[in-house]
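Working notes, beginning with the structure itself.
The values are calculated or read from the model by the stated rules, or taken from the named source; none is laboratory data. Values in this document were obtained by computation on a predicted structure and should not be read as measured data. We place every Cβ from the backbone using ideal geometry, glycine too, and count neighbours over all the protein chains shown. Heads up: the accessible areas ignore ligands, DNA and RNA and are worked out on the full protein's heavy atoms, side chains in. Shrake-Rupley method; radii C 1.70, N 1.55, O 1.52, S 1.80 Å.
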Amino acid sequence: MIQKIIHFLILLNFLLFSCQNAEGQKQEEGAVIVPEISHFSMPKTPDSMEFAGEKIDLTDLDIRERLDKELHAIVYYHNLIIPYFKRSNRFLPEIEQLLKENNLPDDFKYLALIESGFENLTSPSGAQGFWQFMPTTGREYGMEINEYVDERNDISKSTPAAAKYLRKAYDTLGSWIDAAASYNRGVAGFKKDQKWQKTASYFDTYLNGETARYIFRMMAMKLIFENPKKYGYDLNTIELFEPYMTKEVQVNDEIKDLAIWAKQKGINYKILIRLNPWIKANRLPKRTGGYVLLLPSDDSQLRNIKN
C-alpha cells in the first residue's frame, strides 16, 4: 500500500513539473493561450405558430418551454441539421407534390423529416422507409413487401400510404395535430390517453416521453426550415444535394438478373438500387401491372457504365 502511495506521489510531482515547465515556455515565447468563449444566441420564440393550419398558442408556459427545449436540443446540432437540409433539397419537392395530390397539409413533410431525416432507415423494431412503416401496417395500406421488393422504401408509394393513414386518423380525432401525434402513439392509444384524462387535445394530454416530444420536434423543424438564416444556417454556404434527374421505365415481364439488365441499360446495379431503393434482390418477378423503375436521364449526374 505504501509503495502505491509513493508511486502516486512521484507521478503527481512529475505531472505538476511538466505543466509548470510547459507554462513557462509559453510565457517565454509570449504565446500564452487564452481559451476562446463561444457566444450562442437563440431567436425569440414567437407567441404563436401554425401546424397544418391549426394555431398553437406559444404564450402558454408549458407549450412554450417544451418547444424551447426541442429547439435548443437540435438547432446547434449541425451534424444532424445540415444533412437534413442537404437531403431535403433532393426529396422535398416530390414529397410536397405527393402530399398535395393526396390532400394532406404540407406541414406533414416535417413528420417524415423527424421520422427518418429523409433516409430509408430501418428502426430496431423493423419500421422502414421515409415514413417508418411497420411491415403489417405497410401491407395494410397497399404496399408490396416480400423477398424481392419493399415499397416502404419507395416514396411514391409510402407517401400516399402515410397520407391515407393520417386522413383516417384526422377523421377519427378531428385535429391534424392529434392525427400527427397518433402516428407515433397509435389512434387507439391516443384516444385511450385522452379518455382517462378527459382531455380534448394533444397539448392538454399527458403522454409517454416520445409522443410528448413528437409534435414539438416537428414544430422546431418547421421554425428552422422556414427561416434557416434566423437560426444560423445560411443555405448559400451549404452544398445541397441535387434532385435526381430520372426517367421512368415500365417493366411488365420478369427480370431474372437485374445486374445484367442494368448493364444493358448503360448503368450498374449500384445505381439501379440508388434510384430504386425498394428493390431488395437481384431478381424482379412478374406481377399484374408491372413495375416502374427509375433510370438516370442525365449522364452527367449519375455516370453511365460503358459496356
* Would you call Asn276 touching a residue at least 24 places away in the same chain (Cβ under 8 Å), surrounded by 19 or more Cβ atoms within 10 Å (Cβ to Cβ) and within 30 Å of Ser300 (Cβ to Cβ)? -> yes
* Asked: When only residues in region 207-227 that are assigned to a helix (DSSP H, G or I) and more than 16 Å from Lys109 (Cα to Cα) count, which is least open to solvent (accessible area, probe 1.4 Å)?
  -> Thr211
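Yes/no matrix, rows are residues, columns are (1) closer than 30 Å to Ile82 by Cα; (2) modelled with pLDDT under 95; (3) not charged (D, E, K, R):
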{"site": "Arg217", "(1), (2), (3)": "yes, no, no"}
{"site": "Phe225", "(1), (2), (3)": "yes, no, yes"}
{"site": "Gly232", "(1), (2), (3)": "yes, yes, yes"}
{"site": "Leu240", "(1), (2), (3)": "yes, no, yes"}
{"site": "Lys265", "(1), (2), (3)": "no, yes, no"}
{"site": "Ile273", "(1), (2), (3)": "yes, no, yes"}
{"site": "Asn276", "(1), (2), (3)": "yes, no, yes"}
{"site": "Leu294", "(1), (2), (3)": "yes, no, yes"}
* Counting only residues that are at pLDDT 90 or above, surrounded by 11 or more Cβ atoms within 10 Å (Cβ to Cβ) and aliphatic (A, V, I, L, M), give me the helices (runs of 4 or more DSSP H) lying completely in region 1-112 with at least 3 of them. => 61-74, 78-101
* Leading residue by the ranking (surrounded by the fewest Cβ atoms within 10 Å (Cβ to Cβ)) among those in region 228-255 that are over 21 Å from Leu113 (Cα atoms) and either hydroxyl-bearing (Ser, Thr, Tyr) or touching a His at 6+ places or on another chain (Cβ under 9 Å) (or both) -> Thr237
* Asked: Is one or more of the residues making up region 197-206 in contact (Cβ under 8 Å) with a residue 60 or more places away in the chain and either open to solvent by 60 Å² or more (accessible area, probe 1.4 Å) or touching a Cys at 6+ places or on another chain (Cβ under 6 Å) (or both)?
  -> no
* Filtered residue count, region 122-152, keeping only those that are in a loop (DSSP other than H, G, I, E, B) and closer than 20 Å to Leu111 by Cβ -> 13
* Structure fact -> Subset of region 183-196, residues surrounded by 12 or more Cβ atoms within 10 Å (Cβ to Cβ) and in a helix (DSSP H, G or I), comes to Tyr183, Asn184, Arg185, Val187, Gly189, Phe190, Lys191, Lys192, Asp193, Gln194
* Asked: Out of all the residues in region 159-171, which are open to solvent by 20 Å² or more (accessible area, probe 1.4 Å) and touching a Phe, Trp or Tyr at 6+ places or on another chain (Cβ under 9 Å)?
  -> Pro160, Lys164, Tyr165, Tyr170
